[in-house]
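Written below as structure tokens is the structure these notes are about.
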């Protein structure tokens with residue numbers, strides 16, 4: 001009698017629906033997973049418009065960095081990183097249009113705008129900015145608008161499965 005002990009195997013559905021797999025599926029969801037054509041179009045248009053605003057914000061920060069912000073301790077390198085990250089994220093967003101990229105773009109745009117507001121009100125890393133300069137006003141409009149567009153696109157992608165279950 002040769003008995004071997006084996007661990008009970010989980011059904012395929014239990015292994016397939018583990019939390020990390022569900023989270024990955026959710027974050028990698030894009031407009032192609034939407035069944036309604038109007039929702040797909042809306043997400044695609046919002047993603048492309050939001051990516052365009054991310055590029056605008058990135059170019060604005062790179063321009064300010066090259067015009068003198070590079071010499072400001074901490075703030076200068078952050079302007080360079082923000083400019084590059086915004087453009088790279090915008091390209092990835094247009095190419096792949098996934099929920100994780102929509103959320104990252106919204107967070108980057110909102111975070112950049114909030115950083116400017118903090119810098120203008122209480123100072124940030126020892127530097128105080130003025131909202132009276134035109135680039136600051138443009139930056140706030142571009143970044144908050146981009147954040148809103150990308151957040152709405154992400155919300156549509158997130159809400160679609162919930163709405164499908166109800167119907």
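Of the residues making up the stretch 56-76, those that are surrounded by fewer than 18 Cβ atoms within 10 Å (Cβ to Cβ) and within 21 Å of residue 105 (Cβ to Cβ) are 59, 63.
Picking from residues in the stretch 33-50 that are without any contact (Cβ under 8 Å) to a residue 60 or more places away in the chain and touching a helix residue (DSSP H, G or I) at 6+ places or on another chain (Cβ under 7 Å), the one that is nearest to residue 146 (Cα to Cα) is 48.
Looking for whichever is under 18 Å from the mean Cα position of the chain (by Cα), at pLDDT below 95 and over 15 Å from residue 49 (Cα atoms) here; the options are 64, 78. Which one fits? It is 78.
Looking across the stretch 77-105, the residues that are surrounded by fewer than 16 Cβ atoms within 10 Å (Cβ to Cβ) and within 30 Å of residue 40 (Cα to Cα) come down to 84, 88, 91, 95, 96.
The values are calculated or read from the model by the stated rules, or taken from the named source; none is laboratory data. Everything numeric in this text was worked out from a predicted model, so none of it was measured. Reconstructed Cβ throughout: ideal geometry from the backbone, glycine too, with neighbour counts over all protein chains shown.
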